[in-house]
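Scroll down for the structure; my scribbles are underneath it.
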């Protein structure tokens with residue numbers, strides 16, 4: 001009986017051992033299956049990074065106003081999906097001193113730690129990663145330095161110069177270390193970034209081009225409308241008065257009327273000629289620069305000549321026109337004829353827009369930086385700051401009470417500006433309503449000099 | 001209690017979004033609880049909160065991620081806020097430091113402070129820095145903190161809940177908002193007034209995959225032998241692959257050691273297991289180091305496998321149970337303290353279990369959750385204890 005019980009016990013122990021072994025074996029298989037399944041899901045999540053980037057690309061592109069903003073938003077998506085600790089976009093920076101220089105354009109995950117601005121990566125590889133077995137030599141040394149993280153994953157697109165780098169504190173980050181299979185992920189993410197960036201840049205360029213084209217179209221429409229008006233007005237006068245003066249006309253003109261109408265026809269003809277000359281001038285501005293005949297001439301002489309030419313107009317308008325004496329030897333290298341045209345335009349404009357009793361002063365000086373500054377200042381009606389850009393457009397005498405009450409083609413300022421720019425200079429207007437206007441021409445140092453003056457003759461005062 | 005959520009790599013923008021979501025509660029907040037993603041600069045977040053809300057104390061700290069009805073994630077850029085604006089339900093907060101010196105003592109210190117202010121049955125939320133060091137990886141043991149706390153609290157009527165704070169799933173760091181600023185190695189206790197009660201469910205997700213094994217050699221959190229064999233060898237045999245060296249940390253993704261409470265031969269019940277995640281493995285000594293040092297020599301344990309299907313079922317069941325319990329009450333806040341390992345990026349779960357909580361919990365309950373390193377909750381009708389691989393879902397409500 002005891003023997004039987006001992007046999008039963010032994011059998012039970014064997015049975016227990018069998019079940020324990022089976023339990024552990026089955027449990028181990030379950031554990032491995034569970035882990036394989038989890039790993040598959042984790043890998044799927046990782047591989048969805050690029051798909052998500054592609055899906056999000058349009059949204060990000062719409063959300064971001066500039067291409068520069070795209071980088072941060074895309075890094076956010078990359079970090080969220082790969083769960084890396086830090087990430088950055090870098091761009092190859094052409095530099096004569098260091099051909100391997102990269103600039104970190106966007107970085108994420110640094111918290112209070114500031115990312116590096118520049119990094120040198122000798123012979124930057126297209127793809128690279130570090131693991132615990134990596135030897136810390138170039139390029140591992142430089143790449144880990146970018147994110148200050150020991151484990152990095154890097155992709156570089158030589159054609160565009162853009163690079164993406166991901167980094168982790170610990171090797172077994174969340175699920176596993178970086179491995180060569182991650183090449184697709186990092187290169188895919190970089191490609192999406194480059195594509196979206198290019199698309200965003202094209203989109204912005206297209207928008208600018210569209211706005212410019214629309215503005216040019218509106219400007220041309222305004223130009224043609226104004227031009228038609230400006231041409232018709234004197235032509236109508238010429239035709240109307242000459243009709244009345246023609247033999248067989250039903251009008252019985254007195255000698256005085258005859259003379260007056262002939263005068264009107266003459267003035268209209270001259271105005272028309274002036275207008276046509278200005279239009280031709282304006283339309284040829286683009287090709288005027290190569291045709292300039294540049295010679296050194298005394299600034300004071302140039303300003304004096306223009307002032308003298310317009311002194312009659314000034315007297316007629318009861319405006320005091322004064323040329324202030326500047327540096328006697330100041331010379332500028334300009335096309336004399338064209339620059340006289342500029343000064344004449346500016347001075348006549350100043351006289352026209354200055355009421356009786358006002359004044360116009362003209363001066364020239366050399367600035368401390370060597371440039372020449374030519375100034376035409378009046379005490380006239382002036383204009384609002386927002387109207388100044390329009391004053392520089394053709395036929396854009398400023399709207400308002402006095403807009404068309406001043407004679408002229410409305411091309412004077414645009415032509416003057418175009419000619420100054422053809423000389424390599426700039427034209428700037430400062431003005432305020434009721435306080436007058438100051439037009440400043442700046443000529444670069446390269447066309448400015450102070451000439452030696454001939455010694456004064458004995459006895460000269 | 002109002003909840004706000006924001007997400008941005010820019011701390012100021014994240015704060016702006018989260019504060020905007022608080023609505024008028026932001027203007028009257030008496031205390032703010034904040035869980036900030038680990039990639040956000042804590043000092044910048046704290047400064048931005050001060051700019052937005054003025055001199056309101058802020059408690060909480062880093063989180064591997066945040067969970068809310070208006071967004072969830074664990075990219076490290078999330079920010080979850082709770083504004084306590086009603087003086088009748090706002091908690092008072094207490095702070096203890098010195099976890100790096102002695103975790104049990106620091107736990108006892110905060111426990112003594114709690115005991116001195118507790119009058120009736122009161123809910124206490126304990127938030128603490130989970131990471132002692134990263135090289136080598138070492139946690140602040142929640143079991144020591146909670147043991148110290150329980151000793152000091154004694155028989156005071158306290159319903160203790162809590163979570164360990166982390167910056168990310170790799171346990172790279174942690175920090176605490178301690179009311180005034182940002183601290184390391186600190187513990188914060190929020191003591192709710194007696195008119196606030198808590199209903200809690202613990203959501204699990206592990207099942208045993210081995211027979212019972214006896215811990216035959218252990219030192220603190222490091223288990224050297226199971227049934228007389230090197231513990232690592234046992235685990236490696238189960239997994240069918242070598243784990244030692246740098247890959248030790250990966251073990252926390254795969255298996256846990258579970259201790260069954262009560263009758264070991266009773267039918268399987270997820271609620272009867274206390275699980276311990278594996279922090280690291282040492283191939284030289286054949287040992288594994290657990291998240292907590294509260295298992296003892298002679299204890300019977302089982303190797304447990306995470307089971308994502310079971311985890312999702314557990315969440316569905318737990319949320320339904322919670323809805324049945326709190327339905328029709330004056331619910332103030334749903335708080336979900338969710339082990340970071342349960343997130344799909346780490347567990348490999350096909351869907352986010354936190355999403356099931358967000359979608360399943362009664363929509364009238366304001367909800368905020370955070371991804372934690374360890375969870376603390378009342379277990380098996382006894383004192384609260386730290387748990388691994390769980391989700392602790394609590395609804396705070398006005399006591400009737």
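The values are calculated or read from the model by the stated rules, or taken from the named source; none is laboratory data. Note that this is a predicted model, so its numbers are computed, not measured. With ideal geometry, Cβ positions are generated from the backbone for all residues, glycine too; neighbour counts draw on all protein chains shown.
Below are the figures for this structure:
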| read-out | value |
| --- | --- |
| Residue A:249 vs. criteria touching a helix residue (DSSP H, G or I) at 6+ places or on another chain (Cβ under 8 Å), exposed (fewer than 13 other Cβ atoms within 10 Å of the Cβ) and more than 30 Å from residue A:60 (Cβ to Cβ) | yes |
| Residues satisfying the stated conditions in segment A:314-354, i.e. under 39 Å from the mean Cα position of the chain (by Cα), modelled with pLDDT of 90 or more and farther than 29 Å from residue A:288 by Cα | A:324, A:354 |
| Within segment B:42-60, tally of residues that are buried (at least 18 other Cβ atoms within 10 Å of the Cβ), within 14 Å of chain A (Cβ to nearest Cβ) and closer than 16 Å to residue B:184 by Cβ | 3 |
| Single residue of A:132, A:126 found to be in the same structural domain as residue A:71 (by TED's automatic domain parsing) and within 34 Å of the chain's Cα centre (by Cα) | A:126 |
| Near pairs, Cβ below 8 angstrom, 6+ apart or cross-chain, from segment A:365-376 (on the phi > 0 side of the Ramachandran plot) to any residue that is assigned to a strand (DSSP E or B) and buried (at least 18 other Cβ atoms within 10 Å of the Cβ) | A:370/A:448 |
| Conditions (1) part of a strand (DSSP E or B); (2) more than 29 Å from residue A:78 (Cα to Cα): number failed by residue B:364 | (1) |
| Scope segment A:84-113; condition away from every other protein chain (no Cβ under 14 Å) and modelled with pLDDT under 85; matching residues | A:94, A:95, A:96, A:97, A:98, A:99 |
| Answer residue from segment B:14-41, given it is in contact with a helix residue (DSSP H, G or I) (Cβ under 9 Å, 6 or more places away or on another chain) and within 14 Å of another protein chain (Cβ to nearest Cβ) and is surrounded by the fewest Cβ atoms within 10 Å (Cβ to Cβ) among those | B:41 |
| Candidates B:341, B:369 - the one that is under 21 Å from residue B:168 (Cβ atoms), touching a strand residue (DSSP E or B) at 6+ places or on another chain (Cβ under 9 Å) and within 14 Å of another protein chain (Cβ to nearest Cβ) | B:341 |
| Options B:303, B:278: the member that is within 13 Å of chain A (Cβ to nearest Cβ), more than 30 Å from residue A:82 (Cβ to Cβ) and touching a strand residue (DSSP E or B) at 6+ places or on another chain (Cβ under 7 Å) | B:303 |
| Number of the condition not met by residue A:357 [criteria: (1) on the phi > 0 side of the Ramachandran plot; (2) modelled with pLDDT under 90] | (2) |
| Residue identified as in contact with a strand residue (DSSP E or B) (Cβ under 6 Å, 6 or more places away or on another chain), closer than 26 Å to residue B:213 by Cβ and in a loop (DSSP other than H, G, I, E, B) among B:292, B:382 | B:292 |
| Residue list for segment A:17-31, filter: facing chain B (nearest Cβ under 9 Å) and either touching a residue at least 24 places away in the same chain (Cβ under 8 Å) or more than 15 Å from residue B:309 (Cα to Cα) (or both) | A:19, A:20, A:21, A:23, A:24, A:26, A:27, A:28, A:29 |
| Test: residue in segment B:79-99 that is within 14 Å of chain A (Cβ to nearest Cβ), modelled with pLDDT of 95 or more and not in a loop (DSSP other than H, G, I, E, B) | yes |
| Qualifying residue in segment B:294-305 (condition: surrounded by fewer than 23 Cβ atoms within 10 Å (Cβ to Cβ), modelled with pLDDT under 90 and in contact with a helix residue (DSSP H, G or I) (Cβ under 7 Å, 6 or more places away or on another chain)) | yes |
| Leading residue by the ranking (nearest to residue A:44 (Cα to Cα)) among those in segment A:67-81 that are in contact with a strand residue (DSSP E or B) (Cβ under 8 Å, 6 or more places away or on another chain), touching a residue at least 24 places away in the same chain (Cβ under 8 Å) and at the interface with chain B (Cβ under 9 Å from one of its Cβ atoms) | A:79 |
